[in-house]
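Have a look at the structure below, then the notes.
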Amino acid sequence: MDKPKVVLGVSGGIAAYKACELLRRLTESGHDVRVVPTASALHFVGAATWSALSGHPVSTEVWDDVHEVPHVRIGQQADLVVVAPATADMLAKAAHGLADDLLTNTLLTARCPVVFAPAMHTEMWEHPATQENVATLRRRGAVVIEPAVGRLTGVDTGKGRLPEPAEIFEVCRRVLARGATEPDLKGRHVVVSAGGTREPLDPVRFLGNRSSGKQGYALARTAAARGARVTLLAANTGLPDPAGVDVVQVGTAVQLREAVLKASADADAVVMAAAVADFRPATYAAGKIKKKDGQDPEPIVMVRNPDILAEISTDRARPGQVIVGFAAETDDVMANGRKKLARKGCDLLVVNEVGERKTFGSEENEAVVLGADGSETPVPHGPKEALAEIVWDLVARRLG
Ligand SMILES: Cc1cc2nc3c(=O)[nH]c(=O)nc-3n(C[C@H](O)[C@H](O)[C@H](O)COP(=O)(O)O)c2cc1C
């Protein structure tokens, strides 16, 4: 089988060096990559590097190898075009259909999915001109990854940093896997919670659970690749931020509730994949609890935590908002799942069995998605991202 053909467009930003790692990841995972830099990009990383790493000739202009008509052929033959980093200038040119070099010509002739990974100073990113160009590109179906927050070119920090190449690669992989289908969550805002809450007893101890956050992160990544704006509420995961996803860190169930209520105000869908503690210690000891000679430990008195899933399901922030819960059960899995769906009032409930080596921390999952309409969608054992895709299929159908 032919290798999937990827065009890696590189425009003239300081983060161009990071595209070398993206290129390596793409070629090493079996893609045929043609690098099309802009003339400005070559100020940062030279043509020799792109050519040697990709195994293809590199040019910035339409005037080289004219007999092969590269300004048309490269775009037409591509299965995916990814522009990383995408400068403010490149986003403007792409949004307005300019075609004054090989990369902009390629963007006009490509009919495959297109991913832009913008990187620039915060002021440039926030400028209404750039924001309007991004909105235009998204409306036309391109996946524009939100820049990360962090250190920029000089000593300053803010939003505008290129996400890590490994994360851009993940987006490319998922977009390629979906083929030429329209990003069906484009224009949608989705909120995903991930990980497990920790309920502190004292400054060094907490009551927690085994949730790793991997299922929630898979949901966030797949939603971003399907064009959604994603807010990920991460509870104690320690996982790298997915590219193009706004990540909000939370610790306890009470903090998660606040973050969910805030983020879901304008959300089209909320997926509660985090394992939220039902109870928390009634008191918090300001100093470390000490053992006392000859005395039994004090019992821990617990109080109920808020039921976030039930609250947002009963009191929807927007009409038509789709709410998805997760139920991790150890016994009587399906019967308990049905009862939980009715009790919580959500639209979909992903029910899975948990145990020593099942679900928590694993790369794989197996579940049944129950619908409030009585539907049951079994998801066979497989990667967590496969389950995530099915959840979004069901959500997208409900969003119409
Ligand atoms: C040191 C340096 C760093 C730059 N970094 C960025 C950047 O990160 N993002 C950006 O949009 N422009 C950046 N620019 C400005 C672009 O290089 C400039 O807008 C150029 O015209 C872009 O051309 P291109 O879009 O054809 O690659 C930088 C310029 C210099 C000199």
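Among the criteria (1) small (Gly, Ala, Ser); (2) part of a helix (DSSP H, G or I); (3) within 19 Å of Ala225 (Cβ to Cβ), the one Gly30 does not fulfil is (2).
Of the numbered criteria (1) at pLDDT below 95; (2) buried (at least 16 other Cβ atoms within 10 Å of the Cβ); (3) out of contact with any Leu (no Cβ under 7 Å at 6 or more places or on another chain), the one Asp101 fails is (1). Show the residue pairs that are 6+ apart or on different chains and have beta-carbon atoms under 7 Å apart, the first residue being within the stretch 120-141 and in the same structural domain as Ala110 (by TED's automatic domain parsing) and within 20 Å of Pro163 (Cα to Cα), the second being open to solvent by 70 Å² or more (accessible area, probe 1.4 Å) and in a helix (DSSP H, G or I). Taking only residues 6 or more apart or on different chains, the pairs are Thr130/Met124. Looking at the stretch 93-105, can you tell me whether even one residue there is touching a Phe, Trp or Tyr at 6+ places or on another chain (Cβ under 8 Å), in the same structural domain as Gly160 (by TED's automatic domain parsing), among the β-branched types (Val, Ile, Thr) and within 14 Å of the ligand (Cβ to nearest atom)? No: the stretch 93-105 contains no residue that is touching a Phe, Trp or Tyr at 6+ places or on another chain (Cβ under 8 Å), in the same structural domain as Gly160 (by TED's automatic domain parsing), among the β-branched types (Val, Ile, Thr) and within 14 Å of the ligand (Cβ to nearest atom). Here Val115, Val155 are screened, and the one residue that is buried (at least 19 other Cβ atoms within 10 Å of the Cβ) and either within 15 Å of the ligand (Cβ to nearest atom) or at pLDDT 90 or above (or both) is Val115. All conditions in (1) touching a Ser or Thr at 6+ places or on another chain (Cβ under 6 Å); (2) closer than 25 Å to Gly154 by Cα; (3) without any contact (Cβ under 8 Å) to a residue 24 or more places away in the chain hold for Val58, with the sole exception of (2). Within the stretch 309-322, being under 20 Å from Ala277 (Cβ atoms) and either open to solvent by 40 Å² or more (accessible area, probe 1.4 Å) or in contact with a strand residue (DSSP E or B) (Cβ under 7 Å, 6 or more places away or on another chain) (or both) holds for Leu309, Glu311, Ile312, Ser313. Residue-level analysis places Glu363 outside the set of residues that are within 18 Å of the chain's Cα centre (by Cα), open to solvent by 10 Å² or more (accessible area, probe 1.4 Å), at pLDDT 90 or above and over 22 Å from Asp332 (Cα atoms). Scanning the stretch 160-180 for residues that are modelled with pLDDT under 90 and more than 14 Å from Thr222 (Cα to Cα) returns a single hit, Ala180. Out of Val391, Val333, Val322, Val351, one residue alone is farther than 26 Å from Gly208 by Cβ and of a type in the set (Val, Ile, Thr). It is Val322. Filtering the stretch 1-14 to residues that are assigned to a loop (DSSP other than H, G, I, E, B), within 16 Å of the ligand (Cβ to nearest atom) and out of contact with any helix residue (DSSP H, G or I) (no Cβ under 6 Å at 6 or more places or on another chain) leaves only Gly13. Give the number of residues within the stretch 201-234 that are aromatic (Phe, Trp, Tyr) and over 16 Å from the mean Cα position of the chain (by Cα). Number satisfying all stated conditions: 1. Taken as a whole, the structure leaves Arg205 outside the set of residues that are closer than 21 Å to Val379 by Cβ and surrounded by fewer than 21 Cβ atoms within 10 Å (Cβ to Cβ). Considering the stretch 15-36, the residues that are touching a helix residue (DSSP H, G or I) at 6+ places or on another chain (Cβ under 6 Å) and open to solvent by less than 10 Å² (accessible area, probe 1.4 Å) include one that is farthest from Pro118 (Cα to Cα), namely Val33. Being without any contact (Cβ under 8 Å) to a residue 24 or more places away in the chain and not aliphatic (A, V, I, L, M): is that true of Thr330 here? No; evaluated as a whole, the condition is false for this residue.
The values are calculated or read from the model by the stated rules, or taken from the named source; none is laboratory data. From a predicted model like this one, the values you see are computed outputs, not experimental measurements. Positions of Cβ are backbone-derived with ideal geometry, glycine not excepted, and every protein chain shown enters the neighbour counts. When the accessible area is computed, the model is the full protein with side chains, heavy atoms only, and any ligands, DNA or RNA have been set aside. Shrake-Rupley method; radii C 1.70, N 1.55, O 1.52, S 1.80 Å.
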